[in-house]
Amino acid sequence: MTRRKPPEDLTEEERKQWVNVFKNRNLHSCKLPDDLEEDYQSWKIWANISSDNQALRRLIATHPEIKHHG
């Protein structure tokens, strides 16, 4: 897959807007509140899960409220 490139005639502001619209959102993560992040990291260690992707899949698969809405 080739990388998408912005048009060359954009101003700096237009270029920033273009990048924001077309950036790969899968490469970015969200920040949890500190107390929730601490609980999540503790649970991840307790459950012996090595990656965030595995942990999130496990939470979605096992949490009743999330599973119901999925």
Inset, instruction - With r as the distance between the Cβ atoms of Asn53 and Gln17 and R0 = 25 Å, compute the FRET efficiency 1/(1 + (r/R0)^6) and round to 0.05. - result: 0.25
Legend entry - Approximate spin-label separation His63-Ser42, in nm, with each point projected 7 Å along Cα-to-Cβ: 1.7 nm
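Bear in mind that the values in this text are calculations on the coordinates, not laboratory data. Bear in mind the structure is a predicted one, so any value in this text is a computation, not a measurement. Cβ atoms come from the backbone with ideal geometry, glycine included; neighbour counts cover every protein chain shown.
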